[in-house]
Amino acid sequence: MQNERITFSVSQLNAEVGQRLSQGFPALWVEGEISNFTRASSGHLYLSLKDAGAQVRCAMFKGRASSLKLIPKNGLKVLVRGKVGLYEPRGEYQFIIEHMEDAGVGALQRQFEELKQRLQAQGLFAPEHKQTLPAFPRCIGVITSPTGAAIRDILNVLKRRCPQIPVLVYPVLVQGEGAKDQIANAIRQADRKKHCDVLILTRGGGSIEDLWSFNEEVVAHAIYTCSLPIISGVGHEIDFTIADFVADVRAPTPSAAAELVSPDMAALQTHVQRLLFQLQRHQQRRLQTASEHLQRLQQRLENQRPTNRLQQKVQRLDELDMRLQAALQRYLQSQQQRVANLSSRLQLQSPQRQIQQQQVQLSRWQQYLHVLIQQRLEKARNRLQMQARQLHALSPLATLERGYGIVRHQETGKVVRSTTALRLGQTVATQLPDGSFESIVTRVP
């Protein structure tokens, strides 16, 4: 008995090949140049990736394409991640893209990791080389662009926390041609002149290309050889550069770097008050000791009866005591006035008013967001109702409700579209709105 011959339709064959392609290949990274780029009205992207010897057709569907950070265009070299698949209607294999990035950014990231590993092996990141930041710096140096947002943020923080500390700005380029050499030279200059006792190396956020001057080896070695403690505040919290790993301290933002190097006025005020209290107690103990010693001397003098000399000494002691009390009172008043002045300055710089303004703005945005969400929900609800009506109008069940029936082959379940597909004695099933029944073909035209 011969084995039953298995016959595939073209659709079945393509479906089987497509399934095996998707199962046989894991998610892959492919690098190539974009060509034949097309953005369909549906939002899907269609393109080819090519190199010197070959090309492959690719598709990126709307859900993934909507989150792209770069703008695809012909001639752009990209790095993509996705899966191998088959476009069944034409029997063509294609690559389904799930993620796309500029190949240049990927190369920079690899260069960053290679430099990081090499410098780490050289000991530039060693914890034992890190220096401690001064608790009360005499002068703070800032190496950054003089026109960027970072220097404004740092100066605002320092003015609010400790305005009496001078700030020395070393203006440099923070990106582009020559930036790395200017940064390294500024670090060496600050280290050589010693005008400040702590350095902030900083700039605002940006892409990996924008921050690349802080990933240069010459900058890393300048930071490592500097005898001044350096705090790195480059970019935002999620940004990491080689300078962050070499510096003595890494701050997530420029403002955070300014807070780390500046003492808090409120803490200083508390410290001054504690010193005043300790001084008062010390003076009281000295007065108590002197009084007890005086009493002992008076007792000795009384025993020896030197009345005149004793009266003079007592008078002199009273005079010194009053002078001491007056001097102590003047000193305490001056310290209390200083504390009052510091408290007034601290209250004038209180962020309470800004916090209130931000709270009012936040409330307005919350109300606006609520109205916007309600509008979006109403539009989505109307669109869903319209699509449901269209779907019902196109449904075969609606056709059945108008008195029609659907005839299917009993064995295969396929719809009978012509009498030529029937043969005598064959069993067919007819579907009606409320159920189905079977029939046997007794006559074929």
All but one of (1) in contact with a helix residue (DSSP H, G or I) (Cβ under 9 Å, 6 or more places away or on another chain); (2) open to solvent by 80 Å² or more (accessible area, probe 1.4 Å); (3) not in a helix (DSSP H, G or I) hold for HIS392, so report the exception by its number.
-> (3)
Region 408-437, subset closer than 21 Å to HIS392 by Cα and of a type outside the set (S, T, N, Q), residue least open to solvent (accessible area, probe 1.4 Å) = GLY435
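Being over 30 Å from GLN164 (Cβ atoms), open to solvent by 80 Å² or more (accessible area, probe 1.4 Å), within 24 Å of the chain's Cα centre (by Cα) and at pLDDT below 90 narrows it down to one residue among GLN117, GLN111; which is it?
GLN111
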Of all residues making up region 41-93, the number that are in contact (Cβ under 8 Å) with a residue 60 or more places away in the chain and among the β-branched types (Val, Ile, Thr) = 1
Which of the residues spanning region 229-280 are in a loop (DSSP other than H, G, I, E, B), in contact with a Gly (Cβ under 8 Å, 6 or more places away or on another chain) and either open to solvent by 10 Å² or more (accessible area, probe 1.4 Å) or farther than 20 Å from PHE125 by Cα (or both)?
-> HIS236, ASP239, PRO252, THR253
Within region 405-445, residues farther than 27 Å from SER9 by Cα and in contact with a helix residue (DSSP H, G or I) (Cβ under 7 Å, 6 or more places away or on another chain) come out as LEU432, PRO433, PRO445
Answer with yes or no whether THR147 is among the hydroxyl-bearing types (Ser, Thr, Tyr), without any contact (Cβ under 8 Å) to a residue 12 or more places away in the chain and open to solvent by 40 Å² or more (accessible area, probe 1.4 Å).
-> yes
Find all pairs meeting these conditions: Cβ atoms under 8 angstrom apart; at least six residues apart or on different chains; first residue within region 196-207 and open to solvent by 10 Å² or more (accessible area, probe 1.4 Å) and assigned to a strand (DSSP E or B); second residue modelled with pLDDT of 90 or more and among the aliphatic types (A, V, I, L, M).
-> ARG203/ALA150; ARG203/VAL174; ARG203/VAL234
Does region 92-105 contain at least one residue that is surrounded by 15 or more Cβ atoms within 10 Å (Cβ to Cβ), at negative phi and part of a helix (DSSP H, G or I)?
-> yes
Please tell me if GLU292 is under 30 Å from ARG323 (Cα atoms), at pLDDT below 90 and open to solvent by 20 Å² or more (accessible area, probe 1.4 Å).
-> yes
Using the structure shown, decide if ALA247 is touching a Phe, Trp or Tyr at 6+ places or on another chain (Cβ under 8 Å) and over 18 Å from ARG161 (Cα atoms).
-> no
In this structure, is LEU287 over 27 Å from the mean Cα position of the chain (by Cα), farther than 29 Å from SER344 by Cα and part of a loop (DSSP other than H, G, I, E, B)?
-> no
Name the residue, out of GLN335, GLN385, GLN298, that is in a helix (DSSP H, G or I) and at pLDDT below 85.
-> GLN298
LEU70 meets each of (1) open to solvent by less than 60 Å² (accessible area, probe 1.4 Å); (2) more than 33 Å from the chain's Cα centre (by Cα); (3) modelled with pLDDT under 90 with one exception, condition (2)
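Which residues, counting only those in region 150-167, are of a type outside the set (D, E, K, R) and open to solvent by 60 Å² or more (accessible area, probe 1.4 Å)?
LEU155, ASN156, GLN164, PRO166
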Note on region 112-143: residues in contact with a helix residue (DSSP H, G or I) (Cβ under 9 Å, 6 or more places away or on another chain), without any contact (Cβ under 8 Å) to a residue 60 or more places away in the chain and assigned to a helix (DSSP H, G or I) are ARG118
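From the list GLY75, GLY24, GLY53, pick out the single residue that is over 16 Å from PHE95 (Cα atoms), exposed (fewer than 10 other Cβ atoms within 10 Å of the Cβ) and more than 32 Å from the chain's Cα centre (by Cα).
GLY53
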All but one of (1) touching a residue at least 12 places away in the same chain (Cβ under 8 Å); (2) surrounded by fewer than 19 Cβ atoms within 10 Å (Cβ to Cβ) hold for LEU211; which doesn't?
-> (2)
Checklist (1) at pLDDT below 85; (2) assigned to a helix (DSSP H, G or I); (3) closer than 30 Å to PRO163 by Cα applied to LEU400, failing item = (3)
Quick count over region 343-374, residues being open to solvent by 80 Å² or more (accessible area, probe 1.4 Å) and within 26 Å of LEU158 (Cα to Cα), is 10
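The values are calculated or read from the model by the stated rules, or taken from the named source; none is laboratory data. The shown structure was predicted, so the numbers you read here are calculated from the model rather than taken from an experiment. Note that each Cβ is placed from the backbone with ideal geometry, even for glycine, and that neighbours are counted across all protein chains shown. Just so you know, the surface numbers come from the protein's heavy atoms only, side chains and all, with ligands and any DNA or RNA stripped out. Shrake-Rupley method; radii C 1.70, N 1.55, O 1.52, S 1.80 Å.
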